[in-house]
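The structure appears below as structure tokens.
The values are calculated or read from the model by the stated rules, or taken from the named source; none is laboratory data. Here the structure is a predicted model, which is why all the values come from computation and not from measurement. In this analysis, Cβ positions are derived from the backbone assuming ideal geometry, glycine residues included, and neighbour counts consider all displayed protein chains. These area figures cover heavy atoms from the full protein model, side chains too; ligands, DNA and RNA do not enter into them. Shrake-Rupley method; radii C 1.70, N 1.55, O 1.52, S 1.80 Å.
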Amino acid sequence: MKQDKIIQIALTIVALSAISSLVLITVFVFKEGLPIILRVGAKDFFLSGDWYPGEGKFGIMNMIIGSLAVTAGAIIIGAVFGLGCAVVLTQFAPRQLVVILKPAIEVLAGIPSVVYGFIGVVVLVPLVREYLGGPGLSILTSSIVLGIMVLPTITSISVDVIQAVPKSYRDGAIALGATRWQTTHMVILKAAKSGILAAFILGMGRAIGETMAVIMVAGNALELPHSILDPVRTLTSNIALEMGYAAGEHRQALFATGVTLFVIIMILNTIALTISRRSAGKAAKK
Amino acid sequence: MDSKIEVRNLNLYYDTFHAVKDVTMSVKPQSITAIIGPSGCGKSTLLRCFNRMNDLVEGSRISGQILFNGQDIYNSSMDLTQLRRKVGMVFQRPNPFPLSVFENVAFGRRVHGLPKGSETQMAVEKSLCATGLWDELKDKLNMSALSLSAEQQQRLCISRLLAIEPEVLLMDEPCSALDPIATGNIEDLMKELAINYTIVIVTHNMQQAARVSEQTALFWLGELVEYDSTVRIFENPSKKQTEDYVTGRFG
């Protein structure tokens, strides 16, 4: 009895420490970042592209655009290949192949991001520069690198979601004479739609938060990009690049960049959660 | 033609398990044939041979022949899509797709590339009428099929088949997820459908076989014990084993 009580209290403290560190981080980031947004004015902070910390100009619009552009590209690449992988793994590949392919894709998640960035710089950047033009360090290159990095997330969640579709749907469609492909896209993917969408959004969250690989391949220029071959700086890169020498208002502006990122990721996660809850609710009703 | 489906010396193995043993029987057109027997006797397995659904089971092997309209369906030139269009299947648990009522019924037509537009609309109406769903659902065609009652779902699954004009309906314990009243309604529907379609029903419910079918086959451990008119099977079977089973003395 007494022992139970002690363990219970100990576990509660451990559980609370995780939550409290989240609360502390949130409070700290907002406390450091919000004042400068208010001082500069939300309009000048979010809607101006002039980032000259030395002159007190803190406009992060170009970086917001950079982050969104790189993430959008990554998610397009990740969605096409990740969903493709998931469909092949669940519907078409013989079991022996699945046993090899699925762990291989999951290993991708374990490669450190600096390695992705390094391969991007050494292999991808020269290829893009030579065949497509521009400096090579660009939105496109970053999108490709990030797209590959989010593949494991999108693939493994999609595989789970597709496998959770009741087998009876597949049987029903096959028994009506549908081919495997018809069964897949007319029934199974429709049934798994909301879960797959949640996988994309979680992938997006990963892509927008990634820093190291992006710093290495995005070029980090402060100008507004005009094509996907132009270099950009993302919100995460901005923090990582400048935090070493930032002080005073400049430091606060970096925290404000973090606040922006924080809010964007929160919104994405909330959307993903809502979608997957709704689909879980539907499944429970069935 | 006096037989719609003809089974000749059919054997089926799941890996090393001999699930169907040397079965020979024929199914009369425009009638209801019941396959009865205890669980695991191979009756569902046999049914799933008629539209080659066993192909999906890894490790299943088959020998012998099944003729549908005189054609060997296990011949390599058999078009499975066409076979399954002609030989439809109703499952144990109603399995409408997570689509609207209309989309469910129109599904088969899309799969087979049949004309769209007004022709599909007519086909959907006709199929829903044939299963008695039209009056209940004509204003709710866009509703999700998953929100229907179990009986409505099973009727919808039958409508879904009728929309592609099959010849044979295979029913794998179609009432086992339904209450007695819904079961009675589906049985009435089967009798109506048997005027135009050939129906093969697998059931573990002997009363159901006695109520709806014209012929009954009793299976036991993968073997066909006896196959005759339902009246004979239930009133005057020629084998002791059949008599024991239908009178409930074993099994």
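Quick one: is residue A:131 open to solvent by 40 Å² or more (accessible area, probe 1.4 Å) and of a type in the set (Ser, Thr, Tyr)? In short, yes.
The number of residues in segment A:229-250 that are at pLDDT below 90 and in a helix (DSSP H, G or I) comes to 0.
Which members of segment A:185-199 meet the condition of being assigned to a helix (DSSP H, G or I) and among the aliphatic types (A, V, I, L, M)?
Of the residues in segment A:185-199, the ones assigned to a helix (DSSP H, G or I) are A:185-191, A:193-199.
Within segment A:185-199, A:186, A:187, A:188, A:189, A:191, A:196, A:197, A:198, A:199 meet the criteria.
Conditions (1) in contact with a Gly (Cβ under 9 Å, 6 or more places away or on another chain); (2) assigned by TED's automatic domain parsing to the domain that holds residue A:64; (3) within 30 Å of residue A:66 (Cβ to Cβ), marked per residue:
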{"site": "A:88", "(1), (2), (3)": "no, no, no"}
{"site": "A:97", "(1), (2), (3)": "no, no, no"}
{"site": "A:110", "(1), (2), (3)": "no, no, yes"}
{"site": "A:119", "(1), (2), (3)": "no, no, yes"}
{"site": "A:145", "(1), (2), (3)": "yes, no, yes"}
{"site": "A:150", "(1), (2), (3)": "yes, no, yes"}
{"site": "A:153", "(1), (2), (3)": "yes, no, yes"}
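How many residues are touching a residue at least 40 places away in the same chain (Cβ under 8 Å) and either within 14 Å of chain A (Cβ to nearest Cβ) or open to solvent by 10 Å² or more (accessible area, probe 1.4 Å) (or both) when one looks only at segment B:121-146? Outline the logic, then answer.
To start, the set of residues in segment B:121-146 that are touching a residue at least 40 places away in the same chain (Cβ under 8 Å) comprises B:123, B:130-132, B:141-146.
Now restrict to residues that are either within 14 Å of chain A (Cβ to nearest Cβ) or open to solvent by 10 Å² or more (accessible area, probe 1.4 Å) (or both): B:123, B:130, B:132, B:141-146.
Selection size over segment B:121-146: 9.
Restricting attention to segment B:87-119, the residues that are within 11 Å of residue B:163 (Cβ to Cβ), part of a helix (DSSP H, G or I) and open to solvent by less than 10 Å² (accessible area, probe 1.4 Å) total 5.
Residue under question is residue B:193, and the condition is that it be open to solvent by less than 50 Å² (accessible area, probe 1.4 Å) and at pLDDT below 95; does it hold? Write out each step before concluding.
Working: open to solvent by less than 50 Å² (accessible area, probe 1.4 Å): yes; at pLDDT below 95: yes.
It is true that residue B:193 is open to solvent by less than 50 Å² (accessible area, probe 1.4 Å) and at pLDDT below 95.
Filtering segment A:155-200 to residues that are hydroxyl-bearing (Ser, Thr, Tyr) and more than 10 Å from chain B (Cβ to nearest Cβ) leaves A:155, A:156, A:158, A:184, A:194. Looking at segment B:35-56, can you tell me whether even one residue there is part of a strand (DSSP E or B) and in contact (Cβ under 8 Å) with a residue 12 or more places away in the chain? Yes, there is a match, as at least one residue in segment B:35-56 is part of a strand (DSSP E or B) and in contact (Cβ under 8 Å) with a residue 12 or more places away in the chain.
So which residues in segment B:73-88 are in contact (Cβ under 8 Å) with a residue 40 or more places away in the chain and of a type outside the set (A, V, I, L, M, F, W, C)?
The initial filter retains those residues of segment B:73-88 that are in contact (Cβ under 8 Å) with a residue 40 or more places away in the chain, namely B:85-88.
Passing the criteria: B:85, B:86, B:88.
Quick check: anything in segment A:239-246 touching a residue at least 60 places away in the same chain (Cβ under 8 Å) and open to solvent by 30 Å² or more (accessible area, probe 1.4 Å)? No: zero hits.
Checking each residue in segment B:49-86 for being among the basic types (Lys, Arg) and either away from every other protein chain (no Cβ under 11 Å) or open to solvent by 50 Å² or more (accessible area, probe 1.4 Å) (or both) picks out B:61, B:86. Just one of the numbered conditions (1) within 14 Å of chain A (Cβ to nearest Cβ); (2) surrounded by 19 or more Cβ atoms within 10 Å (Cβ to Cβ); (3) acidic (Asp, Glu) is not true of residue B:151: (1).
You will find that of A:192, A:213, A:253, A:218, the residue that is buried (at least 20 other Cβ atoms within 10 Å of the Cβ), modelled with pLDDT of 90 or more, within 30 Å of residue B:104 (Cα to Cα) and of a type in the set (Gly, Ala, Ser) is A:192 and no other.
Check whether at least one residue in segment A:213-220 is in a helix (DSSP H, G or I), within 27 Å of residue A:196 (Cβ to Cβ) and either in the same structural domain as residue A:121 (by TED's automatic domain parsing) or aliphatic (A, V, I, L, M) (or both), and report yes or no.
Residues of segment A:213-220 that are in a helix (DSSP H, G or I), as a first pass: A:213-218.
Restricting the remaining residues to those that are within 27 Å of residue A:196 (Cβ to Cβ) gives A:213-214.
Applying the additional criterion that residues be either in the same structural domain as residue A:121 (by TED's automatic domain parsing) or aliphatic (A, V, I, L, M) (or both) yields A:213-214.
Yes, segment A:213-220 has at least one match.
Within segment A:149-175, the only residue that satisfies the criterion of being open to solvent by less than 30 Å² (accessible area, probe 1.4 Å) and acidic (Asp, Glu) is A:171. Would you point out the residue of segment A:41-98, among those that are among the aliphatic types (A, V, I, L, M) and closer than 15 Å to residue A:256 by Cβ, that is most open to solvent (accessible area, probe 1.4 Å)? Among them, the one singled out is A:47.
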